[in-house]
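K.L.:
Mind having a look at this structure? Questions to follow.
The values are calculated or read from the model by the stated rules, or taken from the named source; none is laboratory data. Treat the numbers as computed from the prediction; the structure is a model and nothing was measured. Glycine also receives a Cβ, built like all others from the backbone with ideal geometry; neighbour counts cover every protein chain displayed.
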Amino acid sequence: MSSNLNDLEMAKKRDHKIIITDEAINKVPRIQYRDIPESEYDNLWDLAKNVLKISKDENDSNEVAITYSLDSAKLIKQGERYIGVALGAEHDVDPLSNATAYHLISTSRDCVVIVLHNHPSLSAFSLSDIQFLLKYETVKMMVVVTNLGSMSYLVKNKKYDFGKAITLFNEAVDKNNKANNLKDLQDAADYFLKNSYNVGIDYDNR
């Protein structure tokens, strides 16, 4: 635990992105996600590691988003691709910039979007991540992996209430000076994460 805290403190002192190492890829934990079938755990573990590998090998340790469908078996049978990979810049990535990801989010019932963040602060979810999860009904879960290999996720459970989630999101922004600078944006995101269980969204941070 203390080594994770040290990693975080070191990361906060840096004013540049964290370059991905093989050690970080090996550190990615295998998570037993709530509200996700157990049969998907290994697939999602591989994808979380792959988001780091792709960033390291193909995108200069910049942000990457992988979109995966839990309907994958059905899609493979139909001969369709079921994984979309979008390469982003240093501080942002748009999952929908990839045609396969766009198709999945438009048509598939249960999508998982795995986003690599390489912010020096190595924060968990940004406000724009949360907004993306709420905006697209077909996105069931969003996973954030940092360049040091730690993970967090948000998953909509059976009690998910879209109206309440939007109200909480707006409340989070309002409580933090309309979230118009970096600190307020992060505080607003943290407020949402602390209260997400009230709107049927499970949050976990590893």
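K.L.:
Cβ-Cβ under 7 Å, sequence separation 6+ or interchain: first residue in the range 97-113 and under 12 Å from GLU137 (Cβ atoms), partner acidic (Asp, Glu). Which pairs?
P.N.:
Every condition considered, the pairs that remain are SER108/ASP71; ARG109/ASP71; ASP110/ASP71.
K.L.:
Restrict the check to the range 132-148 and report whether at least one residue is at pLDDT below 90, under 13 Å from the mean Cα position of the chain (by Cα), outside any helix (DSSP H, G or I) and closer than 22 Å to GLU63 by Cα. Can you show your working first?
P.N.:
From the range 132-148, those at pLDDT below 90 are 146-148; that's our starting set.
Filter again for under 13 Å from the mean Cα position of the chain (by Cα), leaving 146-147.
The next check asks that each one be outside any helix (DSSP H, G or I); those that pass are 146-147.
Those still in the list that are closer than 22 Å to GLU63 by Cα too: 146-147.
The answer is yes, given that some residue of the range 132-148 is at pLDDT below 90, under 13 Å from the mean Cα position of the chain (by Cα), outside any helix (DSSP H, G or I) and closer than 22 Å to GLU63 by Cα.
K.L.:
How many residues does the range 77-110 hold that are in a loop (DSSP other than H, G, I, E, B), touching a Ser or Thr at 6+ places or on another chain (Cβ under 6 Å) and either polar (S, T, N, Q) or closer than 18 Å to ILE130 by Cα (or both)? Show your work before the answer.
P.N.:
Initially, the range 77-110 is screened for residues in a loop (DSSP other than H, G, I, E, B), giving 78-82, 88-94, 98, 108-110.
Imposing the further condition that a residue be touching a Ser or Thr at 6+ places or on another chain (Cβ under 6 Å) reduces the set to 81-82, 108.
Those still in the list that are either polar (S, T, N, Q) or closer than 18 Å to ILE130 by Cα (or both) too: 108.
Counting residues in the range 77-110 that are in a loop (DSSP other than H, G, I, E, B), touching a Ser or Thr at 6+ places or on another chain (Cβ under 6 Å) and either polar (S, T, N, Q) or closer than 18 Å to ILE130 by Cα (or both) gives 1.
K.L.:
Is it true that TYR203 is under 30 Å from THR21 (Cα atoms) and part of a strand (DSSP E or B)? Steps first, answer last, please.
P.N.:
Numbers: under 30 Å from THR21 (Cα atoms): yes; part of a strand (DSSP E or B): yes.
Against the criterion (under 30 Å from THR21 (Cα atoms) and part of a strand (DSSP E or B)), TYR203 qualifies.
K.L.:
Same structure again: Residue check: is ILE83 free of Cβ contacts under 8 Å to residues at least 60 places away in the same chain and crowded, with 21+ Cβ neighbours inside 10 Å?
P.N.:
Values: free of Cβ contacts under 8 Å to residues at least 60 places away in the same chain: yes; crowded, with 21+ Cβ neighbours inside 10 Å: no.
So ILE83 does not fit the description; no.
K.L.:
Something else: Looking at LEU134, LEU127, can you tell me which residue is free of Cβ contacts under 8 Å to residues at least 40 places away in the same chain and among the hydrophobic types (A, V, I, L, M, F, W, C)? Spell out how you get there, then give the answer.
P.N.:
Numbers: LEU127 fails: free of Cβ contacts under 8 Å to residues at least 40 places away in the same chain.
Step by step, each of LEU134, LEU127 is checked, and only LEU134 is free of Cβ contacts under 8 Å to residues at least 40 places away in the same chain and among the hydrophobic types (A, V, I, L, M, F, W, C).
K.L.:
With the structure loaded, tell me whether ASP57 is in a loop (DSSP other than H, G, I, E, B) and surrounded by fewer than 20 Cβ atoms within 10 Å (Cβ to Cβ) or whether it fails that test.
P.N.:
Details: in a loop (DSSP other than H, G, I, E, B): no; surrounded by fewer than 20 Cβ atoms within 10 Å (Cβ to Cβ): yes.
Taking the combined requirement at face value, the residue does not satisfy it.
K.L.:
Turning to a different aspect of this structure: Every residue in the range 153-185 that is under 13 Å from ILE201 (Cβ atoms), among the charged types (D, E, K, R) and not in a helix (DSSP H, G or I), please.
P.N.:
LYS156, LYS158, LYS159, ASP161
K.L.:
Out of (1) surrounded by fewer than 20 Cβ atoms within 10 Å (Cβ to Cβ); (2) at pLDDT below 95; (3) in a loop (DSSP other than H, G, I, E, B), what's the single condition that is false for SER128?
P.N.:
(3)
K.L.:
Sticking with this one: Looking at ILE20, ILE31, which is the one that is surrounded by 15 or more Cβ atoms within 10 Å (Cβ to Cβ), modelled with pLDDT of 80 or more and closer than 12 Å to LEU116 by Cα? First the steps, then the outcome.
P.N.:
On the way: ILE31 fails: closer than 12 Å to LEU116 by Cα.
One residue alone meets the criteria, ILE20.
K.L.:
Let me ask something else about it. If I filter the range 23-42 down to residues being part of a helix (DSSP H, G or I) and of a type in the set (S, T, N, Q), which single residue comes out as farthest from ARG206 (Cα to Cα)?
P.N.:
Quick first cut of the range 23-42, residues part of a helix (DSSP H, G or I) only: 23-27, 38-42.
Remaining after also requiring of a type in the set (S, T, N, Q): 26, 39.
Numbers: ASN26: 14, SER39: 20 Å.
Only one residue tops the list, namely SER39.
K.L.:
Scan the range 177-199 and report the pairs whose first residue is farther than 23 Å from LYS158 by Cα and whose second residue is acidic (Asp, Glu), with Cβ atoms within less than 9 Å and a gap of 6+ or a chain change.
P.N.:
ASN177/ASP184; ASN177/ASP187; LYS178/ASP184; ALA179/ASP187; ALA188/ASP174
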